[in-house]
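Peer 1: Mind having a look at this structure? Questions to follow.
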Amino acid sequence: MNGKACCKPTVKRALVCVILLAMPARSVASPQASRQAQGSRLPDDARVRAALDWFSPNISWVNDQQARITEIPAPPFQEAQRAGAVKELFAEAGLVSVQIDKGGNVIAELRGVNEKEIVIVAAHLDTVFPAGTDVKVHREGSRMTAPGISDNGSGVAALLAMARAAQFAHLKPQRSILFVGDVGEEGEGNLRGMRALVDAYRSKLKAVVVLDGSGTDHVTTKALASRRLEALITGPGGHSWSDFGMPNPINALVRGSVRFINTKVPATPRTTFNIGQIEGGTSVNSVPHEARLKVDIRSESEDELTRLESALRECIAAGVRDETESARDRSKGKLEWKVELLGSRPGGELAVDSALLAALRAADEFVGNQSRIERSSTDANIPLSLGIDAISIGVGGSGGGAHSLQEWYDSAGREAGLKRALLTIFGIAGLAEAKSQ
Ligand SMILES: [Zn+2]
């Protein structure tokens, strides 16, 4: 029953509400609540302490895994080689049912007492860098530099570290934990790996913890909705001199783009747009036969996204119209245009009183960390949009230059992030009772 129902002016219902409110919280304690309580007591367990203590003396092993994984290229839609390596490492860490699913996600299980309920901990395998990018890792002390080293070499390394720590300390969860290296998080991957995972495990899935990048300063509980669109304008094309005057797709695209970037967007709900790529034409002395651009639009509101998407369509149509009207010679053909949706990430939010957030907060408290709530576009968008509890967190250490060739990661202090992640995951999955010998 929610607050609204209580407010209805029915005496009987009001009475029921009063009685419910007067009942001690204990009598309605859910398994979730008891797991919540267990979250803050986790470090009292000797096995958990052994797992937490595993990280510090093994940091150089974790760093080595991170460098090794990062040096296996994983461009968008080409994650298979990296997935293969992670699969082997999962098996070495004692996880079971290690497999690569149809979409290319590597999935391995830390079997719980209750196999009917699942918690997923996932780190994306893919990078934004195209095939052929030099991904050699340069190391200097605790600092490593390479494309993808932090986003998401650090996340994948954290998965492996936690699996090893759990194996070392014989940790057995209540709910089964699936360790996943997932595909298709970046750009046009459009979260396809996470979509497939949630689809496959939805009926058992209780929570998703996404590990993405460095740091411990934030917890993403709000999914930023976004859409990616491509506008394409085509025409007959021809010679710059002899065909001068025919409608030109690049001209039309420029005319439409200028209209679009003048579109007003609200500060609240925060809404943004970015023309990220523009291409077309064959040579400087040819009238192009094609021009295209890619736009990323984001908003705290789905309605604003829809409005902005329509604005893009109208602007491109207007650009084509303007160019056609001003063409000196329309007999040489006309322009066609279309705007296609390349990807869409739905929005959603984790409830502030969720057991998952409580587990994270308990972990923060244990490691002496403070983290702020963030809204962002991550793999957590998919579960959050379906009402499944999910967060995205960094895995400790520090990093910068994500999506650039100068990307770096510094492992100093990474233990805190690993402990925080491990406690969060076992906080929400629960810990099995120790076996009496
Ligand atoms: Zn990432």
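The values are calculated or read from the model by the stated rules, or taken from the named source; none is laboratory data. Bear in mind the structure is a predicted one, so any value in this text is a computation, not a measurement. Ideal geometry is used to build each Cβ from the backbone, glycine not excepted, and the neighbour counts take in all protein chains shown. Accessible surface areas use protein heavy atoms only, side chains included; no ligands, DNA or RNA. Shrake-Rupley method; radii C 1.70, N 1.55, O 1.52, S 1.80 Å.
Peer 1: In region 321-351, how many are under 19 Å from residue 210 (Cα atoms) and either among the acidic types (Asp, Glu) or modelled with pLDDT of 95 or more (or both)?
Peer 2: Residues flagged as under 19 Å from residue 210 (Cα atoms) and either among the acidic types (Asp, Glu) or modelled with pLDDT of 95 or more (or both) within region 321-351 amount to 3.
Peer 1: Filter region 68-84 down to residues that are outside any loop (DSSP other than H, G, I, E, B) and surrounded by fewer than 19 Cβ atoms within 10 Å (Cβ to Cβ), then give me how many there are.
Peer 2: Looking only at that region, the number is 4.
Peer 1: Mind checking which residues of region 254-307 are surrounded by 15 or more Cβ atoms within 10 Å (Cβ to Cβ), touching an Asp or Glu at 6+ places or on another chain (Cβ under 8 Å) and within 18 Å of residue 224 (Cα to Cα)?
Peer 2: 265, 271, 273, 295, 297
Peer 1: May I pose another question? For region 338-365, what are the residues that are farther than 25 Å from residue 186 by Cα and open to solvent by 100 Å² or more (accessible area, probe 1.4 Å)?
Peer 2: 352, 353, 365, listed by residue number.
Peer 1: Need at least 3 residues that are more than 16 Å from the ligand (Cβ to nearest atom), touching a residue at least 24 places away in the same chain (Cβ under 8 Å) and open to solvent by 10 Å² or more (accessible area, probe 1.4 Å) per element, so show me which strands (runs of 3 or more DSSP E) inside region 91-194 make the cut, counting only ones lying wholly within it.
Peer 2: Filter on region 91-194 gives 114-124.
Peer 1: I've got another one for you. With a cut-off of at least 3 residues that are among the hydrophobic types (A, V, I, L, M, F, W, C) and more than 21 Å from the chain's Cα centre (by Cα), name the helices (runs of 4 or more DSSP H) lying wholly within region 329-437.
Peer 2: Passing ranges, in order: 355-367.
Peer 1: So residue 187 passes all but one of these: (1) touching a helix residue (DSSP H, G or I) at 6+ places or on another chain (Cβ under 9 Å); (2) modelled with pLDDT under 95. Which condition number does it fail?
Peer 2: Checking residue 187 against (1) touching a helix residue (DSSP H, G or I) at 6+ places or on another chain (Cβ under 9 Å); (2) modelled with pLDDT under 95, the one that fails is (1).
Peer 1: Show the residue pairs meeting these rules: Cβ distance below 8 Å; 6+ apart or different chains; first residue within region 367-389 and in contact (Cβ under 8 Å) with a residue 60 or more places away in the chain and of a type in the set (Gly, Ala, Ser); second residue open to solvent by 10 Å² or more (accessible area, probe 1.4 Å) and more than 14 Å from the ligand (Cβ to nearest atom).
Peer 2: These pairs meet every condition: 371/216; 371/217; 376/222; 377/298; 385/346; 385/347; 385/348.
Peer 1: Here's another thing I want to ask about it. Would you be able to tell me the number of residues in region 360-397 that are in contact with a Ser or Thr (Cβ under 8 Å, 6 or more places away or on another chain), over 19 Å from residue 428 (Cβ atoms) and more than 15 Å from the ligand (Cβ to nearest atom)?
Peer 2: Matching residues across region 360-397 total 1.
Peer 1: Okay, next question. In region 199-247, which residue that is within 17 Å of the chain's Cα centre (by Cα) and among the acidic types (Asp, Glu) is nearest to the ligand (Cβ to nearest atom)?
Peer 2: 212
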